[in-house]
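Peer 1: Dropping the structure in here first, questions after.
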C-alpha cells in the first residue's frame, strides 16, 4: 500500500500537457511517421527493382 500511495503522490506532481499541446505533439509524431514510412517504401521499392535488374542481367 505504501508503494501505491507514493505513486499517487508522485503522479500529482507531474505537469500534464494541455489539450492543445497534446494535439500539436501528436500531429508532429504522425507526420514524422508518415514521412519515414513513405521514405522507406520509396527507397525499398527503388533498390529492390535495381537488385532485380542486376540479377536478371547477370543470369542472361
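Peer 1: Among the numbered criteria (1) surrounded by 10 or more Cβ atoms within 10 Å (Cβ to Cβ); (2) modelled with pLDDT under 85, which one does residue 40 miss?
Peer 2: Unmet condition: (2).
Peer 1: Check 5, 46 and return the single one that is at pLDDT below 95, outside any loop (DSSP other than H, G, I, E, B), out of contact with any helix residue (DSSP H, G or I) (no Cβ under 8 Å at 6 or more places or on another chain) and at negative phi.
Peer 2: 46
The values are calculated or read from the model by the stated rules, or taken from the named source; none is laboratory data. Predicted model only: the values in this text are computed from it and were never measured. With ideal geometry, Cβ positions are generated from the backbone for all residues, glycine too; neighbour counts draw on all protein chains shown.
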